[in-house]
1. Which whole-number value in Å² is the accessible area per residue of the chain, probe 1.4 Å?
2. If I compute solvent accessible area with a 1.4 Å probe over the protein chains, what percent of it on the chain is carbon and sulfur?
3. Of the options 160, 121, 170, report the single residue whose Cα projects farthest towards the positive end of the charge dipole of segment 114-174 (beta-carbon charges: Lys, Arg +1; Asp, Glu -1).
4. Longer than 25 Å from Cα to Cα, which of 44/166; 10/133; 10/113; 44/82 are they? Say none if no pair is.
5. Quick one: dipole size for the chain, taken about the Cα centre, charges +1 on Lys/Arg Cβ and -1 on Asp/Glu Cβ, in debye to the nearest 20.
6. If each DSSP helix of 4+ residues adds -39,500 (n - 2.57) and the sum is divided by the residues in the chain, what number results at 222 nm, nearest 500 deg cm²/dmol?
7. May I ask which residue of 59, 12, 144 lies farthest towards the positive end of the charge dipole of the chain, with charges of +1 (Lys, Arg) and -1 (Asp, Glu) on Cβ and the Cα centre as origin?
8. Against the longest principal axis of the chain, how steep is helix 154-172, in degrees 0 to 90 to the nearest 10, with axes from Cα atoms?
Amino acid sequence: CICGTYGVGKTTIANNLIARESNQYVVLNGEITNTPFLPGNGGKMRQLWNDVCFDVAFQTGRSVVYYLNSYVDVHENIPEEKLAQMHFITLICEESVLRKRVSEKWGSFADSKVAGSEMSWAEMAVLRNRYFKTYHDEHPFRNMILIDTTDLTIDEAANQVEAYIKQQINLCNQ
């Protein structure tokens, strides 16, 4: 699972990986699990999505890499035997660069307020990015790495993500 806040490069890196046409993994968009029209069912939706991913992996013989704007801890209710097979790549970015990326991508919308909040979307991205950094530092998770995309090109970041994916695939195949 490639996770992180908006602006750190999840979708861009995922699209780069898709273009590589690997026969070892398939890349899926996990944003379906963040659906706002199923309030209170996010956990069930994520569990169902993980089941779909495990099924795709089983049927294709390829690992599934999915990306989403979500925290790693949303996967805490997954059964241990499945969680042990999952790996998390958390993308982060330096705050000033993150603000710039969000502003460039979203324009004036980046400065608009998030519904029910006094924060702008750019400020929310920075806050979420801090959470990802803190969570990683405070909850060392056996299957999680942190990649800082601040000074990386798209190809460099995708290379690091792919290297970790392939490393984990090789470890599983031993």
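The values are calculated or read from the model by the stated rules, or taken from the named source; none is laboratory data. Because the structure is a prediction, the values reported are computed rather than measured. FYI the Cβ positions are ideal-geometry reconstructions off the backbone, even for glycines, and counts take in every protein chain you see. These accessible areas exclude ligands, DNA and RNA; they are computed on the full protein's heavy atoms, side chains included. Shrake-Rupley method; radii C 1.70, N 1.55, O 1.52, S 1.80 Å.
1. 55 Å²
2. Whole-percent figure for carbon plus sulfur exposure: 53.
3. After comparing all options, I get 170.
4. As for pairs spanning more than 25 Å Cα to Cα, those are 44/166.
5. The dipole magnitude comes to about 240 debye.
6. Helix contribution divided over all residues of the chain: -15000 deg cm²/dmol.
7. 59
8. Value to nearest ten degrees: 30.
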